[in-house]
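Below is one structure; the comments refer to it alone.
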Amino acid sequence: DSGVTQTPKHLITATGQRVTLRCSPRSGDLSVYWYQQSLDQGLQFLIQYYNGEERAKGNILERFSAQQFPDLHSELNLSSLELGDSALYFCASSPRGGQGTGELFFGEGSRLTVL
Amino acid sequence: AQKVTQAQTEISVVEKEDVTLDCVYETRDTTYYLFWYKQPPSGELVFLIRRNSFDEQNEISGRYSWNFQKSTSSFNFTITASQVVDSAVYFCALVTGANSKLTFGKGITLSVRP
């Protein structure tokens, strides 16, 4: 158990809809990262927050947004969903701000299926 | 730009065989970090090792060992006396600098048969 909690574990929705994925980092970790894992793109970094502020941005679509709240949990919002958004979305956390400074602790992922 | 290549996509071995998973990386930065993560069938990503670019010492942890060679830009992972529980997808990853994104390879699916 990494200590990172993601909900929901599975989600099935239709094209055009909007969903919110939630992540609670390990106790004390200030950084939260979101990754998308799909068959064709592999594991792709989406976005990072550090202590409530956006720290780094990756291949995140404009239809997607995220935020980190004062209690350090984070939400990833996916809107106007398309079939290609079907993927496993991982949240990870780390104590510090840089992805190179140490290991990331990953949650079990939220599997999104868009029909 | 940074890139990680895991040329092997699937490897199947019989229990107790040794197996090496290859990882080749590309970066122009002199400071970078390399990682291996394991993704078992349950789906979560488990950290295995982190190595910085200034430390070329090989590392051994139980049945796992890692061979870092800057001359060939490789960071290979060997499992000795493989076990069924080693069956998983293994990802090599690279990050340059302290704040850059973590770039993953495509992963290698390892199947260990009893």
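Readers should treat all values here as calculations from the given coordinates under stated rules, not as data from a laboratory. Note that the coordinates shown come from a computational prediction; the quantities given were computed from them, not determined experimentally. All Cβ positions, glycine included, derive from the backbone under ideal geometry; neighbour counts span all protein chains shown.
Semi-axes of the equivalent ellipsoid for chain A, please: Cα gyration tensor eigenvalues, times 5, square-rooted, ordered largest first, whole Å.
Computed over chain A, the values are 23, 13, 13 Å.
Segment B:1-110: which GluC sites (Glu not before Pro) are DSSP loop and have at most 14 other beta-carbon atoms within 10 angstrom? Don't jump to the answer; show the numbers that get you there.
Values: sites: B:GLU10, B:GLU15, B:GLU17, B:GLU26, B:GLU44, B:GLU56, B:GLU59; in loops: B:GLU15, B:GLU17, B:GLU44, B:GLU56.
Listed in order of number, the matching sites are B:GLU15, B:GLU17, B:GLU56.
For B:LEU21, list long-range residues whose amide hydrogen, built 1.01 Å from N in the peptide plane, is under 5 Å from its own amide hydrogen.
It is B:PHE77, B:THR78, B:ILE79, by chain and number.
Summing Lys, Arg as +1 and Asp, Glu as -1, what charge do residues with Cβ under 15 Å from the Cβ of B:ARG28 carry, B:ARG28 excluded?
In short, 0.
State the answer as a single residue: which of B:THR20, B:ILE108, B:THR30 lies farthest towards the positive end of the charge dipole of chain B, with beta carbon charges of +1 for Lys and Arg and -1 for Asp and Glu, about the Cα centre.
The listed residue farthest towards the positive side: B:THR30.
What relative contact order, as a whole-number percentage, does chain A give when Cα pairs under 8 Å and 6 or more residues apart are counted?
Relative contact order of chain A: 37 percent.
Using a cut-off of under 15 Å, list every residue of segment A:70-90 whose amide N is near the label point 7 Å from the Cα of A:ARG18 along the Cα-to-beta-carbon line.
Residues A:75-82 fall inside that zone.
Could you give the size of the charge dipole of the protein assembly as shown about its Cα centre, using +1 on the Cβ of each K and R and -1 on the Cβ of each D and E, expressed in debye and rounded to the nearest 20?
Using Cβ point charges on Lys, Arg, Asp and Glu, the protein assembly as shown gives about 180 debye.
Looking at the protein assembly as shown, which Cys residues are left with no other cysteine's beta carbon under 4.7 Å from theirs?
none
Under 14 Å from the Cβ of B:VAL19, count the other residues' Cβ atoms, weight Lys and Arg +1, Asp and Glu -1, and hand me the total.
Charge balance near B:VAL19 sits at -2.
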